[in-house]
Amino acid sequence: MSGELRPTVRRRVLGTNLRRLREEKGLHLEDAARELSCHAAKVSRIESGRSGIRQLDLRVLLDLYGVQDPVTREGWLALARESRRRRWWRVLEDKLPQEFQDLVGLEDEVAECRGFQPGIIPGLFQTEAYATAVIKEGSPGPLDEEQQTKLQVRLERQRALTRTEPAPLNVWMILGEAALRQQIGGPAVLREQLLHVVKTAQLPNVTVQVLPFTAGACHGGPYPFLIYAFPPPASLEVVLLENFASHAYLETKEDTERLGHAFDHLRASALSPLDSEKLITEIANQLPRP
């Protein structure tokens, strides 16, 4: 699918929420099209994320939908505004799957990431040795060119935690105890990785909790997910469901609220950040040094 037809996550989030505003007002596609002096198909493409929207047209729709607060309007306009700065990963886009570009793009633009990873240390926290082992998937020998590119991008993504412009990404991650014990890369690699998680958790914008085995079954089940939030005042969210073969993005209010409730339940069931740090350090100290 061409880049022109494939909707970016940012456009899908914007389009989904514009549709929500329209429906909350009881308006139809034709009503919005009439205000924009265009065909209803154009509004449909905007709402599906297949087309971008001009600032002038967005202002007209915000007027139609009753969004009058200046700060809130600016949040919508900022979300829609095409950035003039070149994203760092664009030089590698011909080597990256579109789904991976979407993920990197989200982390470069959003303000917050909340998530649950039951069985593996998430990419934002991975050391080079651990990430290499994950990418190799147990295969022998050095990384090939494609795998090297994945490793490079994965490590570059972590700059979101310490960037200065925009503000650092706020991350609240819940790790399953299994993620702390699965010896990906071997005991020494895991030890280094766990100590790196403890160090990363000291950043003021990072919170790490552990869901221990003793917590039992939890709301939402043992499935990984990430919730990305765009900066206020837009306060728009998108959920990423990731598995071995694909990524799925959920943008409806129902989906984001459902996964938000699941995260809150997991957070309440998990160890406190301090007790989580103690457990991670304890497990790390049980492993041999490199």
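Restricting attention to segment 46-62, report how many residues are closer than 19 Å to Glu23 by Cβ and outside any loop (DSSP other than H, G, I, E, B).
Final tally of qualifying residues: 8.
Checking the structure you have, find out if any residue of segment 238-249 is assigned to a helix (DSSP H, G or I) and touching a residue at least 12 places away in the same chain (Cβ under 8 Å).
As a first pass, look at segment 238-249 and keep what is assigned to a helix (DSSP H, G or I): none.
So far as segment 238-249 goes, no, none of its residues is assigned to a helix (DSSP H, G or I) and touching a residue at least 12 places away in the same chain (Cβ under 8 Å).
Within segment 26-56, take every residue that is under 30 Å from the mean Cα position of the chain (by Cα) and among the basic types (Lys, Arg) and give me the one that is modelled with the lowest pLDDT.
Taking the candidates together, the pick is Arg50.
Check segment 155-167 and report whether any residue there is loosely packed, with under 14 Cβ neighbours inside 10 Å, within 28 Å of Pro288 (Cβ to Cβ) and at pLDDT 90 or above.
Looking for residues that are loosely packed, with under 14 Cβ neighbours inside 10 Å, within 28 Å of Pro288 (Cβ to Cβ) and at pLDDT 90 or above, one finds none in segment 155-167, hence no.
If we scan segment 275-282, do we find a residue that is farther than 30 Å from Thr164 by Cα and in contact with a His (Cβ under 7 Å, 6 or more places away or on another chain)?
No, segment 275-282 contains no residue that is farther than 30 Å from Thr164 by Cα and in contact with a His (Cβ under 7 Å, 6 or more places away or on another chain).
Checking Ala262 against (1) touching a helix residue (DSSP H, G or I) at 6+ places or on another chain (Cβ under 9 Å); (2) more than 30 Å from Leu58 (Cβ to Cβ), only one condition comes out false. Which one?
Failing condition for Ala262: (1).
Filter segment 63-84 down to the residues that are out of contact with any Lys or Arg (no Cβ under 8 Å at 6 or more places or on another chain), outside any helix (DSSP H, G or I) and modelled with pLDDT of 85 or more and list them by number.
Residues satisfying the conditions are Gln68, Asp69.
For segment 261-278, check the following and say yes or no: at least one residue is of a type in the set (Gly, Ala, Ser), surrounded by fewer than 13 Cβ atoms within 10 Å (Cβ to Cβ) and either part of a helix (DSSP H, G or I) or at positive phi (or both).
yes
Just need a number here: residues in segment 241-286 that are over 24 Å from the mean Cα position of the chain (by Cα) and farther than 19 Å from Phe125 by Cα.
The number of residues fulfilling the criteria is 1.
Criterion first (touching a residue at least 12 places away in the same chain (Cβ under 8 Å), surrounded by 18 or more Cβ atoms within 10 Å (Cβ to Cβ), out of contact with any Phe, Trp or Tyr (no Cβ under 6 Å at 6 or more places or on another chain) and β-branched (Val, Ile, Thr)) does Thr127 satisfy it?
Values: touching a residue at least 12 places away in the same chain (Cβ under 8 Å): yes; surrounded by 18 or more Cβ atoms within 10 Å (Cβ to Cβ): yes; out of contact with any Phe, Trp or Tyr (no Cβ under 6 Å at 6 or more places or on another chain): yes; β-branched (Val, Ile, Thr): yes.
Spelling it out, Thr127 is indeed touching a residue at least 12 places away in the same chain (Cβ under 8 Å), surrounded by 18 or more Cβ atoms within 10 Å (Cβ to Cβ), out of contact with any Phe, Trp or Tyr (no Cβ under 6 Å at 6 or more places or on another chain) and β-branched (Val, Ile, Thr).
Looking only at residues that are in contact (Cβ under 8 Å) with a residue 24 or more places away in the chain and of a type in the set (Gly, Ala, Ser) in segment 19-50, which one is surrounded by the most Cβ atoms within 10 Å (Cβ to Cβ)? Talk me through it step by step, then tell me what you get.
Keep residues of segment 19-50 that are in contact (Cβ under 8 Å) with a residue 24 or more places away in the chain, which gives 19-22, 24-25, 27, 31-32, 35-36, 46-50.
Now drop any that are not of a type in the set (Gly, Ala, Ser), which leaves 32, 48-49.
On the way: Ala32: 26, Ser48: 14, Gly49: 21.
Filtering first and then ranking leaves Ala32.
The values are calculated or read from the model by the stated rules, or taken from the named source; none is laboratory data. Everything numeric here is computed off the predicted structure, so don't read it as measured data. Please note: Cβ atoms are built from the backbone with ideal geometry, for glycine as well, and neighbour counts cover all protein chains shown.
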